[in-house]
């Protein structure tokens, strides 16, 4: 059972109750593999809705205590998307599992 305080949108839309929803989130290669195995078609759907791949060291700037890290092609690709999009794609697949129940617009008062 998944309990959600907010009303769940039918499309990937921002919700007030989701922290860091507007921030870019990344899936490293292993995360992509695992989510792809658990939820077939998820990665392709995220791509179709605007998720983009970036090379960890050539497409981003990294500031560390020694200064800016030099750019170079690492071959390590991250999939970048909003938390909203990733959450929506996973939730759509969870809702299609027969023994998973989603209770939207529900407040938890305590634990049993």
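For the reader, a short list of remarks on this structure follows.
- Residue count for segment 55-78, restricted to those that are assigned to a strand (DSSP E or B) and in contact with a strand residue (DSSP E or B) (Cβ under 8 Å, 6 or more places away or on another chain): 3
- Remark: pairs (first residue in segment 18-31, more than 24 Å from residue 5 (Cβ to Cβ); second residue modelled with pLDDT under 95 and exposed (fewer than 13 other Cβ atoms within 10 Å of the Cβ); Cβ separation under 9 Å; 6+ apart in sequence or on different chains) = 28/76; 29/76.
- Selection of segment 20-45 for residues being assigned to a loop (DSSP other than H, G, I, E, B) and buried (at least 16 other Cβ atoms within 10 Å of the Cβ) yields 21, 39.
- Taken as a whole, the condition of being in a loop (DSSP other than H, G, I, E, B), loosely packed, with under 14 Cβ neighbours inside 10 Å and at pLDDT 95 or above does not apply to residue 17.
- Residues being in contact (Cβ under 8 Å) with a residue 12 or more places away in the chain and closer than 24 Å to residue 87 by Cα - total across segment 42-69: 13
Per-residue answers, yes or no, for (1) in contact with a helix residue (DSSP H, G or I) (Cβ under 7 Å, 6 or more places away or on another chain); (2) assigned to a strand (DSSP E or B); (3) surrounded by 15 or more Cβ atoms within 10 Å (Cβ to Cβ):
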residue	(1), (2), (3)
47	no, no, no
53	no, yes, no
80	no, yes, yes
89	yes, no, yes
106	no, no, no
109	no, no, no
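The values are calculated or read from the model by the stated rules, or taken from the named source; none is laboratory data. Remember, it's a predicted structure, so these values are computed and weren't measured experimentally. FYI the Cβ positions are ideal-geometry reconstructions off the backbone, even for glycines, and counts take in every protein chain you see.
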